[in-house]
1. Asp226 to Ser252: extension gain in nm, 0.36 nm per residue of separation minus the Cα-Cα distance?
2. I need the phi-derived Karplus couplings for the stretch 277-288: 6.51 cos²θ - 1.76 cosθ + 1.60, θ = phi - 60°, integer Hz, Gly and Pro marked x.
3. Loop-only chymotrypsin sites (Phe, Trp or Tyr not before Pro) in the stretch 280-362, please: DSSP not H, G, I, E or B, and at most 15 other Cβ atoms within 10 Å.
4. Could you give log10 I(q)/I(0) at q = 0.24, 0.27 Å⁻¹ for the stretch 155-227, computed by the Debye formula over C-alpha point scatterers of equal weight, without solvent?
5. Could you check the simple spin-label distance between Val176 and Arg135, using points 7 Å along Cα→Cβ, in nm with one decimal?
6. Does a label point 7 Å from the Cα of Val369, set along Cα-to-beta-carbon, have any residues of the stretch 323-347 with amide nitrogen under 19 Å, and which are they?
7. Just grab the label-to-label distance for Arg280 and Met264, each label 7 Å out from Cα along the Cβ direction, in nm (one decimal).
8. Through the Karplus equation 6.51 cos²θ - 1.76 cosθ + 1.60, θ set to phi - 60°, convert the phi angles of the stretch 140-150 into ³J(HN,Hα) values in whole Hz; use x for Gly and Pro.
Amino acid sequence: MIKVPDGTDPVAAMALACAGPTLVHALERRPVKLGETVIVQGSGPVGLAAAAMARLSGAARVIIVGGPKHRLDLAARCGIGDIHIDITAGAPDAAMAEASAGPEHEPMPRWVPRAIGLALVGFLLLGVLNWLFFRVKDLLVMLLVSLFLSFALEPAVNWLSSRGIRRGAATGLVFVGLLASVVVFLGALGTLVVQEVSDFVDEAPAYVEDLEIQINDTFGTDLNSDDLVASLTEADGPVSDFATRYAGNAVSIGLRAVGVLFQMLTIGLFTFYLVADGPRFRRVICSFLPPERQLTVLRNWELAIQKTGGYIYSRALLAGLSAVATFAFLEIIGVPYALALAIWVGLVSQFVPVVGTYLAGAFPVIIAVLDDPVDGLWVLGFIVVYQQIENY
């Protein structure tokens, strides 16, 4: 006898009752597996009972194939089957094949292959851009430096152009003035360094003798500077070994110097073009932008030029005042190389950020201490007082 669980639809219960022991024997011989798909052919009482029994046994899907439409509708209303196929006028084999094929899978959305393709192309493009960046990063740095220098020099070129000088000639005059300033600065410092090195070399024997006397008197030793110099300058001594080891670096240093010179010339060329053809260059850049954006870009570009130029020229003015004041003070107390030290203090203190003030003041203090320790204290006091006045 078939037991009908509580809550079973009356129609399903009636179908189970009509099926009789034959269906029970079939299901016991081949039990339904949990989650299985069961196909029942025919929608008569036995078919409906089989579908109901399969549903109660844990089948995931019950497919009823064949039978009149009113019976299929009855099975659908009773919730016995999931899929009902009417094959009264068709081929049962085709319907069975269709039913046994399982649920139809939805086709892949059309945008999925396109999204995958775009992701692959984007990844490839990112790799190419990364490779290009590391290949041309030096050029990009030079372009950025040139752009900054053009911002700093263009106000002076604009001022000369407004007084009737052609823009190319005005740019050339500004570059000549800048180059002359750099040459004067490097020449003054070069003279100072060469003179100091020469004086140190000339006085080195006296320094060594004084040091020898102080060590012997303090520690009771018997050092001989001549023996020390001879041991250092032997063919297999430390000096010869050092020279032999690092002689090969002279070529690499020379190549690096040539590379730096080439980079400086490249920056100068880019800067000259950006300044001389600045207005036309800006028009070309803005031509690629929408009309409503062009005015904003041009206004911000001009503002950047004005701010950068104003900063550079204000710093140059402060550097000039600092150099004049430092030169006057060093001349008064008699510190040697007053002009070179004054130029150093003026430029380094104004154009080197954060540590520029300390670097600028340390050099003249050291030179003054070597000449006279008291003068070193005077120079230190002057630099501290002047910086307080300038910052105020």
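1. My answer for the length gained is 5.8 nm.
2. 10, x, x, 5, 4, 5, 5, 5, 4, 6, 5, 8
3. Those that pass, being in a loop and sparsely packed, are Phe288.
4. -0.98, -1.07
5. It is 4.2 nm.
6. Inside the label zone: 330, 334-338, 341-342, 345.
7. Reported label-point gap for Arg280 and Met264 is 2.9 nm.
8. Here the 3J(HN,Hα) series is 5, 5, 5, 5, 5, 5, 5, 5, 5, 5, 5 Hz.
Every number here is computed from the coordinates shown, using simple stated rules; none is lab data. These figures come from a predicted structure and were not determined experimentally. All Cβ positions, even for glycine, are placed from backbone atoms using ideal geometry, and neighbour counts span all protein chains on display.
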